Amino acid sequence: MAVTQEALYGELDGVDPSLSWSEAQLPERERTKHVHRLHPYLGKFVPQLVEALLERYVTPGGRVLDPFAGSGTTLVQALESGHDAVGVDIAAFNCLLMRVKTRPYNLDVLRRDLLWAHDEAAAFTPQGRTPAGTPAFVREWYAPEAVEELLHFRSLVEQVGSADVLRVVLARAARSARRTTHFDLDFPRSPQREPYWCHKHKRTCTPVASARRFLLRYTLDTLARIESFAAARSEQRIAEVVHGDAEDVGLPGVCDAVITSPPYPGLIDYHGQHRYAYALLGLDERRDRELGSPLHGTGRAAIAAYVEGVAGVLRRARAALRPGSPLCIVVNDRRELYPEVLRQAGLHLEERLERHVNRRTGRRAGEYFESILVTT
Ligand SMILES: C[S@@+](CC[C@H](N)C(=O)[O-])C[C@H]1O[C@@H](n2cnc3c(N)ncnc32)[C@H](O)[C@@H]1O
């Protein structure tokens, strides 16, 4: 019988129990509270880890920088804990998602716009024609009815002030409506057009034919999540989102701490996981500048470029901090690259914390740990 997570933590030397949570201690609804679940994103850290690091390492009201900000977990938690934040990311979709999560809203206007879009989508009837100019990716990955519904929703986006929020709803519905199997949602290889044996549900499942129910459900869910975050966040604090390469983009102002989790070589394609969003929204792709991308491989030259790239980003991040401020780097360094990254970045390791990662979802085997490198 597998050991319980509580028993496991009791046995593991060096694991910080206040930074490791079992499923019972931290159930999914807490990990995905309010805007953290606006859109799936593979490779984010749990909000409660950021919350704990903010409390330990950031002065009240301080400004936090995340140079690899991803889906914006650091920014959202900073606002919740009463800090300002700056987030940088190379992937345009991640920046869109972060802006939508963190900007302040006039909730009456947001509600009016989203309910209007909801009613328009509910009233739409597909005509049985794929519109001219439909991107090849959309033709290939969606059933004809879903193509029409998604493109109709896209036509609504520009008609309201809450356009970016509708873009995120559209992307989330597009993710769910792809012709894919239920067990391969993260990186499906080819469209699934026929019914298939589903390992996840242990029965025959049929690929999605329509996007309508997702568009309607996610429009309302997004409204509820933004409303719930508005009640939790500090109104006086702001988050700035910078789209660009953290190796050379300008960083606004002085910060008091870094909390970040860099990409790891060859693991996750951060542009690729949201391909449907780039295809539907026409976003600017900068895949060649994505550090650690599986597209670069994991050969010696790729690893050396990764180490140099991450070190360069951390060196710049440190230069943006008040002298002596901490940089908390969350990483599962199984290739043991970070001693060299820190050396090249000119960072001094003050403390190394270990945590157990509770990975309830995904088809992964074995226990998984990560380190928090606290440096100056
Ligand atoms: C591990 S993820 C961060 C996830 C984040 N902690 C969260 O909770 O959502 C690493 C991020 O680094 C971004 N990234 C990769 N290369 C970059 C670069 N050169 N400049 C800025 N961001 C980059 C990726 O797009 C990805 O979103």
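Computed quantities for the displayed model
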{"item": "Qualifying residues in region 244-254 (those that are near the ligand (Cβ under 7 Å from one of its atoms) and more than 27 Å from Leu170 (Cβ to Cβ)) - the one farthest from the chain's Cα centre (by Cα)", "result": "Glu247"}
{"item": "Extreme residue, nearest to Leu185 (Cα to Cα), among residues of region 252-295 that are touching an Asp or Glu at 6+ places or on another chain (Cβ under 9 Å) and among the hydroxyl-bearing types (Ser, Thr, Tyr)", "result": "Tyr270"}
{"item": "Among residues of region 84-99, those that are surrounded by fewer than 24 Cβ atoms within 10 Å (Cβ to Cβ) and either near the ligand (Cβ under 9 Å from one of its atoms) or outside any strand (DSSP E or B) (or both), counted", "result": "4"}
{"item": "Among (1) touching a helix residue (DSSP H, G or I) at 6+ places or on another chain (Cβ under 9 Å); (2) at negative phi; (3) in a loop (DSSP other than H, G, I, E, B), the one test that Gly128 misses", "result": "(2)"}
{"item": "Failed item, numbered, when Ser162 is tested on (1) polar (S, T, N, Q); (2) buried (at least 22 other Cβ atoms within 10 Å of the Cβ); (3) without any contact (Cβ under 8 Å) to a residue 24 or more places away in the chain", "result": "(3)"}
{"item": "One residue from Thr73, Thr59 being in contact with a Pro (Cβ under 8 Å, 6 or more places away or on another chain) and either at pLDDT 90 or above or more than 29 Å from Ser176 (Cα to Cα) (or both)", "result": "Thr73"}
{"item": "Number of the exception - Gly253 against (1) touching a helix residue (DSSP H, G or I) at 6+ places or on another chain (Cβ under 9 Å); (2) closer than 23 Å to Val50 by Cβ; (3) surrounded by fewer than 18 Cβ atoms within 10 Å (Cβ to Cβ)", "result": "(1)"}
{"item": "Only one of Leu327, Leu295 that is more than 13 Å from the ligand (Cβ to nearest atom), in contact with a Lys or Arg (Cβ under 8 Å, 6 or more places away or on another chain) and not small (Gly, Ala, Ser)", "result": "Leu327"}
{"item": "Subset tally (residues that are assigned to a helix (DSSP H, G or I) and either within 12 Å of the ligand (Cβ to nearest atom) or exposed (fewer than 15 other Cβ atoms within 10 Å of the Cβ) (or both)) for region 298-310", "result": "8"}
{"item": "Within region 40-63, considering residues that are within 12 Å of the ligand (Cβ to nearest atom) and among the β-branched types (Val, Ile, Thr), the one farthest from Arg29 (Cα to Cα)", "result": "Val50"}
{"item": "Conditions (1) over 26 Å from Asp84 (Cα atoms); (2) more than 9 Å from the ligand (Cβ to nearest atom); (3) in the same structural domain as Gly244 (by TED's automatic domain parsing); (4) hydrophobic (A, V, I, L, M, F, W, C); number of the one not met by Ala257", "result": "(1)"}
{"item": "In region 270-285, the residues that are closer than 13 Å to Asn94 by Cβ and within 14 Å of the ligand (Cβ to nearest atom)", "result": "Tyr270, His271, Gly272, Gln273, His274, Ala277, Tyr278, Leu283, Asp284, Glu285"}
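The values are calculated or read from the model by the stated rules, or taken from the named source; none is laboratory data. These numbers were taken from a predicted model, which means no experiment stands behind them. For neighbour counting, all protein chains shown are included, and Cβ atoms are generated from backbone atoms with ideal geometry for every residue, glycine included.
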